[in-house]
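Here the structure is laid out as structure tokens; the discussion comes afterwards.
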Amino acid sequence: MDLNFDKMYILTVFAMRINRSHPLIAKDTKWFLQLLPMYGIFSIMFALLINCIIHYDLKAKDFSSTCRNGCLCVLYFISTLSYYVMLVHQTTLKTIINTMNEDYAQALKFKADEQKVVLDYAKKGLYVCRQWLAMSIMGVGLFFVKNVLLYTYNYYVDDMKLVPLHDMTYPRIIEEKRDDIIVYASLYALTVYYGVFAAIMYMSFVPLGPVFMLHCCGQLELIVMRLENLFIKYTHEEANEKLKDIIRHLQNIYGFVKNIEKCFTGFYELTLKATTITLPIAVYEIIESCHRRELRMEFLVFIFGAMIISSSPCYYSHLLMEKGEQVRLAVYCSGWEVVQSRAARSTLMVILVRALQPIAIRTMFRTICLDALTDVRAFESIVRSFQPYERDVGIDNASNDDLYSYCIMEIKL
């Protein structure tokens, strides 16, 4: 077994090296001169989108175009937030990666079944990276597919004309010359760059959290295996030594989880809240395009992406909680009843008390788990159930106390 972070997760590492966000890359003048043109071109397209929303879409009260361009602006905000996190927490990310490499190196000394556990969870992390690679390719590729289909249709109806990769209104000086082949090619290339750079940023950052959490799950499963009948299979002296190793291992895992929280808590808290806004907007745009008999299939990827970026950390954090619960049960079932040593029993009791607090990723307000997603759905169901009340009472006639009482009643029911 030859495990190494850079070799195992080469897709994510390659993306981090392209956009110069890898923690091992020195953030010096050379790095800044490399980043400046890359992010500058990325920001130009974002500025054009904002200009279109403010000066054209909102003034024309075109809510559909506002949603369409707003979805693309979300890519810029998430990419910028991702780069900010990787820049601010560069040292912590470097520590996490080094810890994983140390764990992989120690796994070479493990038994075959324990090595298999480490390898299985590393492969699950690799699957997450491949998942986001596919999502990134789909996100950019659907725009190309739609563009090719429109060109094919125009050729079929004998109405050939230049079709932009993303239809939007540019500033007047550009809008007047957008049919010029050079201007068209420049805008086309700028749009492609915007999508590719955003896809690379997603690939380089979003899979990291699940990969780190899966590594923790694998380490916790090793502890569960080592606790199984610990005091029955070994002598008291051997069991005490192994118990000390388990405690040190648990302390390392707790520190590892704290580092994950330090890096990803703010990002996950913002994305969970942003998903409740971006997801309905993307769905609305697709429905509106269907009513206008337009093809907006490229926005399907925003729906899938919003669902995955919010549900993935919740799922893996929930899995981390389950593994922590398995450790607690394994401690209780380790055969402690045959132990006469008071020190060993006291140690086990301390582990049990510590294990009462779930091992999970926490935000400022709550623990990230599957319940966080169900709470969002519960809120949506309350909003939907409020609609009959709106029709009966009238939103203008309903006071804030009435609305609050109604929502509380629905929650209790």
Can you pull out every residue in the range 336-369 that is open to solvent by less than 80 Å² (accessible area, probe 1.4 Å), part of a loop (DSSP other than H, G, I, E, B) and in contact with a Gly (Cβ under 9 Å, 6 or more places away or on another chain)? PRO358, ILE359, ALA360, ILE361, THR363
Given (1) open to solvent by 20 Å² or more (accessible area, probe 1.4 Å); (2) closer than 12 Å to MET168 by Cβ, SER43 misses just (2)
Checking TYR56 against (1) open to solvent by 40 Å² or more (accessible area, probe 1.4 Å); (2) touching a residue at least 24 places away in the same chain (Cβ under 8 Å); (3) within 30 Å of ARG130 (Cβ to Cβ), only one condition comes out false. Which one? (3)
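Working only within the range 227-239, note down all residues that are out of contact with any helix residue (DSSP H, G or I) (no Cβ under 6 Å at 6 or more places or on another chain) and either hydrophobic (A, V, I, L, M, F, W, C) or part of a helix (DSSP H, G or I) (or both).
Once the filter is applied, which keeps residues that are out of contact with any helix residue (DSSP H, G or I) (no Cβ under 6 Å at 6 or more places or on another chain) and either hydrophobic (A, V, I, L, M, F, W, C) or part of a helix (DSSP H, G or I) (or both), the range 227-239 yields ILE232, LYS233, HIS236, GLU237, GLU238.
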Condition test on THR169, is it open to solvent by less than 80 Å² (accessible area, probe 1.4 Å) and under 24 Å from the mean Cα position of the chain (by Cα)? no
Lone qualifier among LYS161, LYS262 - being basic (Lys, Arg) and at pLDDT 90 or above: LYS262
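Answer yes if at least one residue in the range 170-190 is closer than 30 Å to THR95 by Cα and either touching a strand residue (DSSP E or B) at 6+ places or on another chain (Cβ under 8 Å) or part of a helix (DSSP H, G or I) (or both), and no otherwise. Reasoning before the result, please.
Residues of the range 170-190 closer than 30 Å to THR95 by Cα: none.
No - not one qualifying residue is present in the range 170-190.
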Given the structure, is CYS290 assigned to a helix (DSSP H, G or I), in contact with a Cys (Cβ under 7 Å, 6 or more places away or on another chain) and of a type outside the set (Gly, Ala, Ser)? no
Of everything in the range 173-189 that's crowded, with 16+ Cβ neighbours inside 10 Å and either in contact with a Cys (Cβ under 7 Å, 6 or more places away or on another chain) or of a type outside the set (Phe, Trp, Tyr) (or both), which residue is nearest to PHE144 (Cα to Cα)? LEU187
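Table: residues versus (1) at pLDDT 85 or above; (2) within 17 Å of the chain's Cα centre (by Cα).
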residue	(1), (2)
LYS59	yes, no
SER64	no, no
CYS67	no, no
GLY70	yes, no
VAL74	yes, yes
SER79	yes, yes
VAL85	yes, yes
GLN90	yes, no
THR95	yes, no
Are any residues in the range 226-246 open to solvent by 50 Å² or more (accessible area, probe 1.4 Å) and not polar (S, T, N, Q), and if so, which ones? ARG226, GLU228, ILE232, LYS233, TYR234, HIS236, GLU237, GLU238, GLU241, LYS242, LYS244, ASP245
Given the conditions (1) closer than 30 Å to MET225 by Cα; (2) of a type in the set (S, T, N, Q); (3) assigned to a helix (DSSP H, G or I); (4) over 19 Å from the mean Cα position of the chain (by Cα), which single one is not true for SER312? (4)
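Taking the stated definitions as given, is LEU220 free of Cβ contacts under 8 Å to residues at least 60 places away in the same chain and either surrounded by 20 or more Cβ atoms within 10 Å (Cβ to Cβ) or not in a helix (DSSP H, G or I) (or both)? It would help to see each step written out before you state the result.
Working: free of Cβ contacts under 8 Å to residues at least 60 places away in the same chain: no; either surrounded by 20 or more Cβ atoms within 10 Å (Cβ to Cβ) or not in a helix (DSSP H, G or I) (or both): yes.
No; evaluated as a whole, the condition is false for this residue.
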Any chance PHE256 is in contact with a Gly (Cβ under 6 Å, 6 or more places away or on another chain), touching a residue at least 24 places away in the same chain (Cβ under 8 Å), assigned to a helix (DSSP H, G or I) and buried (at least 19 other Cβ atoms within 10 Å of the Cβ): no
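Could you say whether any residue in the range 296-309 is under 26 Å from LEU356 (Cβ atoms), touching a residue at least 60 places away in the same chain (Cβ under 8 Å), open to solvent by less than 40 Å² (accessible area, probe 1.4 Å) and part of a helix (DSSP H, G or I)?
Step one: filter the range 296-309 for residues under 26 Å from LEU356 (Cβ atoms), giving none.
No, the conditions are met nowhere in the range 296-309.
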Boolean, ALA112 is at pLDDT 90 or above and on the phi < 0 side of the Ramachandran plot: no
Search result, residues across the range 260-304 that are charged (D, E, K, R) and over 18 Å from the mean Cα position of the chain (by Cα): GLU285, GLU288, ARG292, ARG293, GLU294, ARG296, GLU298
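When the range 135-160 is examined, which residues are found to be open to solvent by 50 Å² or more (accessible area, probe 1.4 Å) and in a helix (DSSP H, G or I)? Give the steps one after another, and end with the answer.
As a first pass, look at the range 135-160 and keep what is open to solvent by 50 Å² or more (accessible area, probe 1.4 Å): 137-138, 144-145, 148-153, 155-160.
Listed by number, the residues that qualify are ILE137, MET138, PHE144, VAL145, VAL148, LEU149, LEU150, TYR151, THR152, TYR153, TYR155, TYR156.
The values are calculated or read from the model by the stated rules, or taken from the named source; none is laboratory data. Note that the structure is predicted; figures quoted are calculated from it, not measured. Because the Cβ atoms are built from the backbone with ideal geometry, glycine has one as well, and the counts that use them run over all protein chains shown. Only protein heavy atoms, including side chains, enter the accessible area calculation; ligands, DNA and RNA are left aside. Shrake-Rupley method; radii C 1.70, N 1.55, O 1.52, S 1.80 Å.
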